[in-house]
1. Return yes or no: is residue 40 assigned to a helix (DSSP H, G or I), over 17 Å from the mean Cα position of the chain (by Cα) and of a type outside the set (Asp, Glu)?
2. Out of segment 53-86, which residues are part of a helix (DSSP H, G or I) and open to solvent by 50 Å² or more (accessible area, probe 1.4 Å)?
3. Assess whether residue 20 counts as being under 15 Å from the mean Cα position of the chain (by Cα) and either at positive phi or at pLDDT 95 or above (or both).
Amino acid sequence: MARKSEAQSEAVIHGSTNVFADLGFADAEERQTKLRLAYAINQILEEGQHTQAAAASLLKVNQPKVSALQHYKLDGFSVERLMTFL
């Protein structure tokens with residue numbers, strides 16, 4: 001396997017603190033906010049060792065919504081709804 005010389009190595013580009021902005025999403029701030037909220041909710045549910053069914057009961061949603069939340073599929077959630085969950 002050939003090694004790259006110093007002159008051939010790729011430049012490292014440092015991103016911002018918002019990966020969604022770095023990727024060019026128009027709604028980057030909202031996506032970042034949702035991600036942070038979902039992370040906090042998931043940490044609380046994990047610490048409480050709640051099953052998805054128990055979490056669904058606590059959050060007053062169905063189990064598939066909890067699954068989506070735990071897998072960070074956040075298109076079906078508003079920032080306001082996530083704040084209510086917290």
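1. No, not satisfied.
2. 53, 57, 58, 63, 64, 65, 70, 80, 81, 83, 84
3. No: the conditions fail for residue 20.
The values are calculated or read from the model by the stated rules, or taken from the named source; none is laboratory data. Computed from a predicted model, the values in this text were never measured in an experiment. Protein only, heavy atoms only, side chains kept; ligands, DNA and RNA dropped before computing areas. Shrake-Rupley method; radii C 1.70, N 1.55, O 1.52, S 1.80 Å.
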